[in-house]
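Below is one structure, written out as structure tokens; the observations come after it.
The values are calculated or read from the model by the stated rules, or taken from the named source; none is laboratory data. Here the structure is a predicted model, which is why all the values come from computation and not from measurement. Positions of Cβ are generated from backbone atoms using ideal geometry, with glycine treated the same way; all protein chains shown enter the neighbour counts.
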Number of protein chains: 4
Amino acid sequence: MAGNSFGQLFRITTFGESHGTAIGVIIDGCPPNVELDMEFIQSELDKRKPGQSKITTQRKESDSAQILSGIFEGKSTGTPIALLIPNEDQKSKDYDHNKDIFRPSHADYTYQSKYGIRDHRGGGRSSARETAARVAAGAVAKLFLKQKGIEVFAHVSSVGTIDAPIVDAPHLDQLLEIRESNIARCADPATANEMIEFIDAVRKAGDTVGGKVSCIIRNCPVGLGEPVFDKLHADLGKAMLSINAVHGFEYGSGFAGSEMRGTEHNDIFQPAADGKVTTLTNFSGGIQGGISNGMDISFRVAFKPVATVMHNQQTVDKEGNAAEIKGKGRHDPCVVPRAVAIVEAMAALVIADHYLRQNSYL
Amino acid sequence: MAGNSFGQLFRITTFGESHGTAIGVIIDGCPPNVELDMEFIQSELDKRKPGQSKITTQRKESDSAQILSGIFEGKSTGTPIALLIPNEDQKSKDYDHNKDIFRPSHADYTYQSKYGIRDHRGGGRSSARETAARVAAGAVAKLFLKQKGIEVFAHVSSVGTIDAPIVDAPHLDQLLEIRESNIARCADPATANEMIEFIDAVRKAGDTVGGKVSCIIRNCPVGLGEPVFDKLHADLGKAMLSINAVHGFEYGSGFAGSEMRGTEHNDIFQPAADGKVTTLTNFSGGIQGGISNGMDISFRVAFKPVATVMHNQQTVDKEGNAAEIKGKGRHDPCVVPRAVAIVEAMAALVIADHYLRQNSYL
Amino acid sequence: MAGNSFGQLFRITTFGESHGTAIGVIIDGCPPNVELDMEFIQSELDKRKPGQSKITTQRKESDSAQILSGIFEGKSTGTPIALLIPNEDQKSKDYDHNKDIFRPSHADYTYQSKYGIRDHRGGGRSSARETAARVAAGAVAKLFLKQKGIEVFAHVSSVGTIDAPIVDAPHLDQLLEIRESNIARCADPATANEMIEFIDAVRKAGDTVGGKVSCIIRNCPVGLGEPVFDKLHADLGKAMLSINAVHGFEYGSGFAGSEMRGTEHNDIFQPAADGKVTTLTNFSGGIQGGISNGMDISFRVAFKPVATVMHNQQTVDKEGNAAEIKGKGRHDPCVVPRAVAIVEAMAALVIADHYLRQNSYL
Amino acid sequence: MAGNSFGQLFRITTFGESHGTAIGVIIDGCPPNVELDMEFIQSELDKRKPGQSKITTQRKESDSAQILSGIFEGKSTGTPIALLIPNEDQKSKDYDHNKDIFRPSHADYTYQSKYGIRDHRGGGRSSARETAARVAAGAVAKLFLKQKGIEVFAHVSSVGTIDAPIVDAPHLDQLLEIRESNIARCADPATANEMIEFIDAVRKAGDTVGGKVSCIIRNCPVGLGEPVFDKLHADLGKAMLSINAVHGFEYGSGFAGSEMRGTEHNDIFQPAADGKVTTLTNFSGGIQGGISNGMDISFRVAFKPVATVMHNQQTVDKEGNAAEIKGKGRHDPCVVPRAVAIVEAMAALVIADHYLRQNSYL
């Protein structure tokens, strides 16, 4: 398995390079009779697409998704759903200067070493453009989860050292509304302003900066997740770590939890109201023993700063000789505002997959 | 797939409950002609086994591994290797008080909800006892990697808020020697003493504490890891997150990297010496675009405090009614000294698997 | 994936060599709350075990299965079920003469070439002894299917050129009773006698003979089987072809169907009685478009004659030089009477797996 | 896994319905640096496409394949190769009469029952149109195998009761030339004529007829195939049985082998010439113990007659009431001449996959 598929029962396979003809995805295992709302799918893609605000890359792509199969009279049929996104802005010549040179902290060197050949145009397969296919597939997963009442919400919780406070609301849609009201995609408006100003300064300096995305999954039924290796948080972790530029994942108490005592960390069960057992605290992040316990699932994802900067950098060429790479063209100062859509998509895919896996026993 | 298998080509499947007859593992895909040094396998198990020092649980298990298949005249034959570890200390009656009650932050409630039945004795399948099977399999993976010159080393880098400095040495064996000279399994002797004292105090207080394990993989060839979903760090992350009590994973610059600028985070390539391209810094943690670049692979794993504490706790019973759980019996004040062997085992399994995957193309 | 696992959701992994310590199987994905009737599991193994009658091999193995995990108070818990069968009759020295020589139509040459090492004792991993593990796992699958009312029945329908007429009965248990009343395991008593006499003559001649096993699956719900590649009959076919000595598989009209016209081959649908659509004929063998249609599933499996004969044969040694192999020791004149249990086991595993796969959508 | 993927390391996933926008395939795991000769790929598709002769269906499809990804300067890059075939002849209205009725021996009833929804136009996903995607992917597999010197050849060996003699030649290309000189795709010219005349008569009678395709794989290295479940012939069998209308598979001596004695069936090893061990006969069909032995791999595939006939037939509608289906429109009197390309494609995919699997150990 060459690594371009994800999921067991709700399974996606993506294809496509940054500057090839098209990118796309096959979803195999989407249950029948899910309404494939193309407007919703497109709106999800719009949240990830480049050029949407002054703090993202200026590459122009409409990222228009077409559906090629698996649909009949607006609904899924149980057969594979193929989604196609043609590439439009293929200024391949922009990349000729990268042909024989390895950009620092990009995948040029490793792809070349692994395969002995590479499509150097815009990063080829290693480009984050691939994640558009995931967002399209994730939108389908969300439509399935919606039928089950499960909600997925993510937002930018930090940029550089600017941290947002923890956000909450009776309905995640309320947080979504706040988030979409600002281009930083942070659900805390005051912090959002600070982030935007900071990213803009970083952009003007020709530099980039990392950040974190926090995610909440609500109304997930008890029992999702498989022991031993396919724990729910292990699959969520893999999903997130497979996103370009991600360097860390934690759920529930996360890294901070490693500094705590058991007596403070244990989530005390509360007697069932409405037949529903809850816990007083949620350091477990909604998952115990790898299985959802009905509380909110919560996790955080750390993104490193984008490697493309507008400064000249020392590097090597294909022969291993010293070379210099020029800082020019377009660049994305901070990836997290667009990454929110990708985090949500991957989370939805994991939950949809484990929903089906658990369902097979019932 | 019910989740008890890990890996694609070097693939393990584990079985067994804490208080059943035995636990064990089948390794399918180990290449032929690997010397199956049973003494080494046992010595790895000894590093994980309970009762080895005053700062671990006092449960007595010799964890003696038997090999049932896949071996001929001391070498692997390419057929499945089955390893069996009988359970010895099966004081099942100790657990009768847990039969109808859900222990806080354990998997009792979620297993019961998922399956409608559960082996409550010592946590059953959710017990960390399962990881002994992983350590046995990981030892076989290490024997394979040794043939290829690849080394894996982990140690306890923090307990609670006590952090060890970053350790390094020309040969990882040197660090291993230091680590094995203290029961905290920290490669910095001064910090180790501090940790031991602290864990002992926590133990006496009937409490538990979390910690972190850091891991280095050296001499990994360039090119391991598959785009897009099976990035090397994504599979390492899943491997680690599948270990009991793990709440976080980061590699290279990790969470701290999310606070950095691109200009400081980029790893500048150095002209090749001896035909080998290197980087000046290693914020990438030895992995770029999901593929190993030949530098040291480095990651950190966060463990929450063990849930079993020697204090009475409020909880609920099977019917969802309020109940109290007594703090009694044996407990493990801090899991990280024993977890070092598990982290190394899972890392070795991931690298062995990706080694074979990459090899299939060549 | 090195090929020792079968199934997606009801998944088995087997291990063990003919003359190693033990053989066994892990079942991962058996639903919880299946009663694990060990007496039934053993009775299934007894149908496959050697030495059970004068027309099978005289190797003595009790094939006693032990259950190591996944069981609690007699029921499956949803966790992996490990079954162990120790090897008893390990007369390894009997096989020293085979060490450096390749037996004709055995797997000695191909294993040696593939792996560069092999356990030559009794065929090692290539021995049909491995199928005992499948029969044990298949018995668990049958216990699960029994809960759903699904029945699996196979019998010997031909030995050499002796063909049994097609058998049928209102309940498959009636056929089972007839089959178990004779050592040929043919559900037609007259043909059974003929077969026994013939096999005995072949045995006395130091020779072997092939045969066919026919199988019926009744009360399979409509809808099992996945398009496109995992058609129900494609998975049944793979299951059967993976059994030692099998050279052919056909379902429904099979090879004879290739000689028919569409107008005679089409199965005409009958108006539903009791809400159940049926077909007038069943050339489809209960499967249309790869999906069960509720009619009896029927297929046939062709076994070649066993390669071990009591005659001297020309062959080559490890260096590729001419050599002679002596006909001596124990031999199995005809494998089909024992293979009936294996065919049923593999069929049950396929149906159990597809039952869970279909269930995941519902 | 919903069944639309095939292969482990050389893995394809297909999508598309008969009358949707397009069909296609993603190949994940094709090694880098394979020359993607689009002319060859198209010529393979032309052998399967409808309307190519008077004895096939008259549906008009050019089946023009486009390559969307995984290619750079004419060569594979190691990343997923997506191939797209737009649907042209979408006379969906032709199928309105089938909307609420189940065609005998088609998959209408089973798809409707399985999913509760179906695209009835031209069979939707159950249409053999899906196999065009396999042929495109198989052509890529062939290009890879060609680099290794491995050849795959199939031809029509029977139509109805008309059997061709066994064909052979020093080079399979010689047989290919004969085969392509007649529209029956039989490598024996005299039999071909007889077949063509017969199929034409069947066509005029508004009827259909089945047939068999025989396949040879030459120069396959020794050692391909994995014990126990993924035996080379088990994967070939599954591949063939997954093709629409296939009802049987046999390799080597096949069903006839079940009537033979061991002493006649055993393939006697011949002393190595040029370091290559061979066998005197080849009843093993080039595979022993599930592993290729270097001799020609040979197998046969039985196709039932196509279900669509130009006669009125009794059937039932969606409510299970009696109904009649009219014989009208276009029909394919005999599928085997076009199926030759599909058999070769699936065979090439299996061998490519097992080539990579074996390579991973080396």
From the options A:234, A:192, A:164, residue that is closer than 30 Å to residue A:107 by Cα and of a type in the set (A, V, I, L, M): A:234
Failed item, numbered, when residue B:170 is tested on (1) over 20 Å from residue B:342 (Cβ atoms); (2) part of a strand (DSSP E or B): (2)
Pick from the range B:59-85, criterion in contact with an Asp or Glu (Cβ under 9 Å, 6 or more places away or on another chain) and of a type in the set (S, T, N, Q), ranking: nearest to residue D:230 (Cα to Cα): B:79
Out of A:2, A:82, sole residue that is away from chain B (no Cβ under 14 Å) and either at pLDDT 95 or above or within 30 Å of residue D:353 (Cβ to Cβ) (or both): A:82
Residues located in the range A:275-285, provided they are assigned to a strand (DSSP E or B) and more than 7 Å from chain B (Cβ to nearest Cβ): A:276, A:278, A:279
Residues being out of contact with any helix residue (DSSP H, G or I) (no Cβ under 6 Å at 6 or more places or on another chain) and over 21 Å from residue A:250 (Cα atoms) - total across the range A:189-220: 18
Test for residue A:85: is it among the hydrophobic types (A, V, I, L, M, F, W, C), assigned to a loop (DSSP other than H, G, I, E, B) and either crowded, with 22+ Cβ neighbours inside 10 Å or touching a helix residue (DSSP H, G or I) at 6+ places or on another chain (Cβ under 9 Å) (or both): no
Residue match in the range D:343-352 (condition: within 23 Å of residue C:283 (Cα to Cα), buried (at least 19 other Cβ atoms within 10 Å of the Cβ) and either modelled with pLDDT under 95 or more than 10 Å from chain C (Cβ to nearest Cβ) (or both)): yes
Filter pass, residue D:213 being more than 8 Å from chain C (Cβ to nearest Cβ), part of a strand (DSSP E or B) and buried (at least 17 other Cβ atoms within 10 Å of the Cβ): yes
Selection count where residues are within 20 Å of the chain's Cα centre (by Cα) and surrounded by fewer than 24 Cβ atoms within 10 Å (Cβ to Cβ), scope the range C:107-121: 0
Flag for residue D:160 being touching a residue at least 12 places away in the same chain (Cβ under 8 Å), over 30 Å from residue B:81 (Cβ atoms) and within 8 Å of chain C (Cβ to nearest Cβ): yes
Checking residue B:275 against (1) touching a helix residue (DSSP H, G or I) at 6+ places or on another chain (Cβ under 9 Å); (2) surrounded by fewer than 23 Cβ atoms within 10 Å (Cβ to Cβ); (3) farther than 19 Å from residue A:258 by Cα, the condition it does not meet: (1)
Filter result for residue A:24 (in a loop (DSSP other than H, G, I, E, B) and either over 17 Å from the mean Cα position of the chain (by Cα) or in contact (Cβ under 8 Å) with a residue 24 or more places away in the chain (or both)): no
Residue in the range C:101-117 that is more than 10 Å from every other protein chain (Cβ to nearest Cβ) and either at pLDDT below 95 or under 28 Å from residue C:344 (Cα atoms) (or both) present: no
Test: residue in the range D:239-257 that is facing another protein chain (nearest Cβ under 7 Å) and at pLDDT below 95: no
Options D:302, D:322; residue that is touching a helix residue (DSSP H, G or I) at 6+ places or on another chain (Cβ under 7 Å) and at the interface with chain C (Cβ under 8 Å from one of its Cβ atoms): D:302
Subset tally (residues that are in a loop (DSSP other than H, G, I, E, B) and more than 7 Å from chain B (Cβ to nearest Cβ)) for the range A:258-274: 1
The range C:85-100, subset of a type in the set (Asp, Glu) and over 26 Å from residue B:133 (Cα atoms), residue modelled with the highest pLDDT: C:100
In the range A:139-159, the residues that are assigned to a loop (DSSP other than H, G, I, E, B) and surrounded by fewer than 21 Cβ atoms within 10 Å (Cβ to Cβ): A:148, A:149
Some residue of the range C:310-317 being crowded, with 24+ Cβ neighbours inside 10 Å, on the phi < 0 side of the Ramachandran plot and assigned to a loop (DSSP other than H, G, I, E, B): no
Residues that are of a type in the set (Gly, Ala, Ser) and touching a residue at least 24 places away in the same chain (Cβ under 8 Å), drawn from the range B:168-191: B:184, B:187
The range D:39-80 - residue that is buried (at least 17 other Cβ atoms within 10 Å of the Cβ) and among the hydrophobic types (A, V, I, L, M, F, W, C) and, of those, farthest from residue B:361 (Cα to Cα): D:55
In the range B:288-298, residue farthest from residue A:333 (Cα to Cα) [restricted to those that are at the interface with chain A (Cβ under 8 Å from one of its Cβ atoms) and assigned to a strand (DSSP E or B)]: B:292
